[in-house]
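Asker: First the structure, which I've put down as structure tokens, then a few questions once you've had a look.
FYI, it's all coordinate maths here, none of it is from the lab. Given the structure is predicted, the values throughout are model-derived calculations rather than measurements. Cβ: placed from backbone, ideal geometry, glycine included. Neighbour counts: every protein chain shown.
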Amino acid sequence: MRMPFFSMFVTSPFDALQEHAEKVKECSWAFQQAMECYVSNRCETFEAHRKEVHRFEHEADEIKRRIRAHLPKNVMLPFEKFQLFRYLREQDGVLDSVHHATTWVSFRPENGIPAYVEKDFFLLVDAVIEPIEELTVMVAEARIYFRNFSEKQRRKVKEIIRNLRQMEHDADNHEYALVHRVFTNEKDPITLYHLVRLSELIGDIADHAENAADMMRAMIAR
């Protein structure tokens, strides 16, 4: 019989993992505001949003270090310890990609996004925000599962994982559409490269979210 996971610790690492996931979500909202500001020629607060993204990333790093430092060394877990660390790395990778995309945008603050690609750009940004918000739901449901090991709860977590995979697939499609439109319409090579690279960096956000979901699938496997 499997021992309820949370009975092993005074504080479960999943509590901090949930805290980290919430910080990732907060960072994603700042990122979304930064991108909306970047597209608007009248917006003068992009730098403030960029600094907010950096602040959330720093706060999440503190949580990440706390998880790594306080995980008990000699306790049998219901999954391999490396799986928890790998999950945390991928969830943190979402933050890294958000930060990289925001920084990349800041290299050309005066140029913005060409009008012909605005719709595709916003579709891609929205498509990568969705899986980030779903991550927090997945961690919350996984916390419950590791308390009771209910098969019903396990199926609920697996359903969220399937949703995350579909969201990543949708984000891939939006990234492809954006890149295709850029290559079809853009004549300036610097703008072309900047937009294509930005598309890739934004797409990486959903990739890390899917990778985190895959690792969660391994953690709940029986």
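Asker: Using label points projected 7 Å from each Cα along Cα→Cβ, tell me how many nm separate E22 and N148, to one decimal.
Answerer: For the pair E22/N148, the computed spacing is 2.2 nm.
Asker: A follow-up question, please. What do you get for the angle between helix 13-39 and the principal long axis of the chain? Use alpha-carbon atoms, 0 to 90 degrees, nearest ten.
Answerer: In the chain, helix 13-39 runs at an angle near 10 degrees to the longest axis.
Asker: Which angle between 0 and 90 degrees, to the nearest 10, do you get for helix 189-219 versus the longest principal axis of the chain when only C-alpha atoms count?
Answerer: 10
Asker: Pull out the extension gain between D188 and E118, defined as 0.36 nm times the separation in residues minus the alpha carbon to alpha carbon distance; nm, one decimal.
Answerer: Answer, rounded to one decimal: 23.5 nm.
Asker: Using only alpha carbon pairs under 8 Å that are at least six residues apart, calculate the relative contact order of region 150-222 and give it in whole percent.
Answerer: 48
Asker: For the chain, calculate the relative contact order in percent as a whole number, restricting contacts to Cα pairs under 8 Å that are 6 or more residues apart.
Answerer: It comes to 30 percent, rounded to a whole number.
Asker: GNM, the chain, Cα, under 10 Å: largest mean-square fluctuation among R68, R42, R197?
Answerer: Top of the fluctuation ranking is R42.
Asker: Here is a further query. Just how large is the dipole of the chain about the Cα centre, in debye to the nearest 20, putting +1 at every Lys and Arg Cβ and -1 at every Asp and Glu Cβ?
Answerer: In debye, rounded to 20, the chain gives about 1240.
Asker: Taking the 0 to 90 degree range and rounding to the nearest ten, how far is the long axis of helix 118-148 tilted relative to the main principal axis of the chain, both from C-alpha atoms?
Answerer: For 118-148 against the chain, the angle is about 10 degrees.
Asker: Additional query: Which one, V179, V128, N211, is farthest towards the positive end of the dipole of region 69-222 when Lys and Arg carry +1 and Asp and Glu -1 on their Cβ?
Answerer: With unit charges placed on the Cβ atoms, the residue in question is N211.
Asker: Nearest 20 debye, what's the magnitude of the dipole of region 13-71 about its Cα centre given +1 on Lys and Arg Cβ and -1 on Asp and Glu Cβ?
Answerer: 160
Asker: What distance in nm separates the two pseudo spin-label positions at R108 and H180, each 7 Å out from Cα along the beta-carbon direction?
Answerer: 2.2
Asker: Right, something else. Given a Förster distance of 22 angstrom, what is the FRET efficiency for E36 paired with H169, based on the Cβ-Cβ distance and rounded to 0.05?
Answerer: It comes out at approximately 0.35.
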